[in-house]
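One structure is given here, and the rest of the page talks about it.
The values are calculated or read from the model by the stated rules, or taken from the named source; none is laboratory data. Nothing here was measured: the structure is a model prediction, and the numbers come from that model. Neighbour counts run over all protein chains shown; Cβ positions are idealised from the backbone, glycine included. Surface areas here come from the heavy atoms of the whole protein model, side chains and all, with no ligands, DNA or RNA. Shrake-Rupley method; radii C 1.70, N 1.55, O 1.52, S 1.80 Å.
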Amino acid sequence: MGFIVGVVLGVIIGLAIIVIFVKSENNRSKHRIHLARTIAGLSRMTVEDSRKLLPSPDWYPSWLNWLNLHLTKIWPYVDQAASELIRASVEPMLEEYRPALLSSLKFSKFTLGTVAPQFTGVSVIEDGGKDGITMELEMNWDGNPNIILAIKTRLGVALPVQVKDIGFTGVFRLIFKPLVDEFPCFGAICYSLREKKKMDFKFKVIGGDISTIPGLSDALEETMHNAIEDSIMWPVRKVVPIIPGDYSDLELKPVGTLEVKLVQAKDLSNKDLIGKSDPFAKLYIRPLPARMKTSRTINNDLNPIWNEHFEFIVEDKSTQHLFVKVYDDEGLQAAELIGLAQVTLSELVPGKVKDVWLNLVKDLDVRRDNKNRGQVHLELLYCPYGMENGFTNPFGSTVSSLTSFEKVLKSGSNGAMQQKRKEVIIRGVLSITVISAEDLPVVDLLGKADPYVVLTMKKTASRTKTRVVNNNLNPMWNQTFDFVVEDGLHDMLVLEVWDHDTFGKDFIGRCILTLTRVILEGEFTECFKLDGAKSGSLTVSLKWNAQTLYRDT
């Protein structure tokens, strides 16, 4: 009997031990899972997240305070060692970005001062790569450097200009890549400025006033910003080899081309007291002088039509932008900025033309800018290298003078072509059906309006018009017109709605269309809003019958 009781008690105790062990293991497993999720969440923290969790230096990790403390101690030696190195590397850069009104731009003195920068945040980036580590450090520097520029104008005037009140806050990206099995376990370091949160400085002419030379301060400020941003701002990066080897794959390389058609602008703000502005545009992805494109100047016009093509090299589609700046040409004086806009390249679909209207603002960093400065109209096409929209390019890059637009438009051509440099001419017949207009504004004092439409091909100046529809704000025409277009890629269709009067005519509004869409699609019908009118729209149908020619160049 005692044996049986002992067996039963042993079984019960054993089962209890097993249950307790299983429960304990389950609790430990849940704790480990929770801890793993917490660690994974911390690894995905950005610098901004760490700043929220660590609001003041007292809350910083001990190693970060240690880093800032020792950086402060060694800063005098860093100043001595780095000042001359920075000066030697930055001076050629300033010369490259030197504004046109200066003949020389160099440093006469350069020291970093006594105030060391402070690191205020850190994060490790998960980029999916197994052969490298990416770290981001936020740095704040309100320094007291002694920087004096020796500048000389085209007129021979030499001025010493001091750079003062420097304040900088930004996030630096460090990439340790590739990982190797020998000390220090990585082959090279790439560093870049991923985000510029604040960069302030002022200029002061020693013993004078910088405002005595009109435009000098703005030109110097633009030069400094462009030189700093384009030389170190991501995706530009500097590669420092640690272990000897070939690290060319870490350097910035072109990945495609961006074709831009600068079509027009409208409702630009007037910068002239007498007459109207004389607008022109500058476009760039990187502000290198050799890569910036400038349109022609349209005199005395707040609604300029350019219809000009430009092509840009893209090096990182995920982070780069196209910038458009519209200026008023002031002749011998510095041009005055009307407004600027930007396009995020990551929003472009490779091989597909995007038609955009962009609102112009004074400063891209100022989010609330309600003043109307006008709009600019662009057509954009991004073509990655080796892909080119999925079509077979009949031209090799070594023998073709085609733009990316022309390659798309000519991608369906048949027949063998000689291996020589050619220029494509998109020739054909454009059929335009003016269908109707809706909600036209009242123009006549004693009635509604007597509208008709004037159709003009801008490049050839070919012109025709519809019949007049009397006393009607919603006229129907359904009239078709054919134009022989000699160069469709570079021509434009202008549709102007007028009110017919016995002793004259009154302008109502207009639509300006490039032929890119109809050449690509073959045919489409759409309702377009009338520019320059209080209300109203125009419905038209366009059809393209192509006859492509080639001209040896």
>> I want to confirm something. Restricting to segment 504-553 and keeping residues that are among the polar types (S, T, N, Q) and at pLDDT 85 or above, which single residue is farthest from SER431 (Cα to Cα)?
In response: SER535
>> I'd like the full set of residues that are open to solvent by less than 70 Å² (accessible area, probe 1.4 Å), modelled with pLDDT of 80 or more and in contact with a Ser or Thr (Cβ under 7 Å, 6 or more places away or on another chain), limited to segment 150-168.
In response: ALA150, ILE151, PRO160
> Taking segment 135-164, which residues are among the β-branched types (Val, Ile, Thr) and closer than 23 Å to TRP75 by Cα?
Replying inline: ILE147, ILE148, VAL163
>> Looking at (1) open to solvent by 30 Å² or more (accessible area, probe 1.4 Å); (2) at pLDDT below 70; (3) not in a loop (DSSP other than H, G, I, E, B), which one does VAL408 not meet, given that it meets all the others?
In response: (1)
>> Name the single residue that is farthest from the chain's Cα centre (by Cα) among those in segment 448-503 being of a type in the set (Phe, Trp, Tyr) and modelled with pLDDT of 85 or more.
In response: TRP477
>> Just the residues that are farther than 18 Å from PHE110 by Cα and either part of a strand (DSSP E or B) or at pLDDT 85 or above (or both), please, taken from segment 126-149.
In response: ILE133, THR134, MET135, GLU136, LEU137, GLU138, MET139, ASN140
>> Suppose we filter ASP450, ASP506, ASP499, ASP487 for residues that are open to solvent by less than 70 Å² (accessible area, probe 1.4 Å), farther than 27 Å from LEU380 by Cβ, among the acidic types (Asp, Glu) and in contact (Cβ under 8 Å) with a residue 60 or more places away in the chain; which single one remains?
In response: ASP506
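Here's the yes/no breakdown for (1) in a loop (DSSP other than H, G, I, E, B); (2) under 29 Å from THR514 (Cα atoms); (3) in contact (Cβ under 8 Å) with a residue 12 or more places away in the chain:
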| site | (1), (2), (3) |
| --- | --- |
| ALA227 | no, no, yes |
| ASP249 | no, no, no |
| LYS253 | yes, no, yes |
| ALA265 | no, yes, yes |
| LEU268 | yes, yes, yes |
| LYS276 | yes, yes, yes |
| LEU283 | no, yes, yes |
> Taking into account only those residues within segment 229-255 that are open to solvent by 50 Å² or more (accessible area, probe 1.4 Å) and among the acidic types (Asp, Glu), which is modelled with the lowest pLDDT?
Replying inline: GLU229
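Rundown of residues vs (1) acidic (Asp, Glu); (2) surrounded by fewer than 20 Cβ atoms within 10 Å (Cβ to Cβ); (3) farther than 19 Å from ALA100 by Cβ, yes/no style:
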{"residue": "TYR284", "(1), (2), (3)": "no, no, no"}
{"residue": "LYS293", "(1), (2), (3)": "no, yes, no"}
{"residue": "LYS325", "(1), (2), (3)": "no, no, no"}
{"residue": "TRP357", "(1), (2), (3)": "no, yes, yes"}
> Is it true that some residue in segment 396-403 is at pLDDT below 80, more than 29 Å from the chain's Cα centre (by Cα) and within 30 Å of GLY351 (Cβ to Cβ)?
Replying inline: yes
> Restricting attention to segment 211-228, does a residue exist that is modelled with pLDDT under 85, closer than 28 Å to LEU364 by Cα and in contact with a Ser or Thr (Cβ under 6 Å, 6 or more places away or on another chain)?
Replying inline: no
> Consider LEU337 against the criteria (1) open to solvent by less than 20 Å² (accessible area, probe 1.4 Å); (2) out of contact with any Leu (no Cβ under 8 Å at 6 or more places or on another chain); (3) not in a loop (DSSP other than H, G, I, E, B): it satisfies all of them except one. Which criterion is unmet?
Replying inline: (1)
> Condition test on ASN300, is it surrounded by fewer than 20 Cβ atoms within 10 Å (Cβ to Cβ) and touching a Ser or Thr at 6+ places or on another chain (Cβ under 6 Å)?
Replying inline: no
>> If I ask for residues that are of a type in the set (D, E, K, R) and free of Cβ contacts under 8 Å to residues at least 24 places away in the same chain, which ones from segment 331-354 would you list?
In response: GLU347
>> Quick test for you: out of VAL366, VAL349, pick the one residue that is modelled with pLDDT under 85 and either of a type in the set (A, V, I, L, M, F, W, C) or not in a loop (DSSP other than H, G, I, E, B) (or both).
In response: VAL366
> Does VAL124 qualify as being surrounded by fewer than 17 Cβ atoms within 10 Å (Cβ to Cβ), among the β-branched types (Val, Ile, Thr), touching a residue at least 40 places away in the same chain (Cβ under 8 Å) and on the phi < 0 side of the Ramachandran plot?
Replying inline: yes
> Which residues, taken from segment 256-272, are open to solvent by less than 60 Å² (accessible area, probe 1.4 Å), more than 18 Å from ASP531 (Cα to Cα) and in contact with a strand residue (DSSP E or B) (Cβ under 6 Å, 6 or more places away or on another chain)?
Replying inline: GLY256, THR257, LEU258, GLU259, VAL260, LYS261
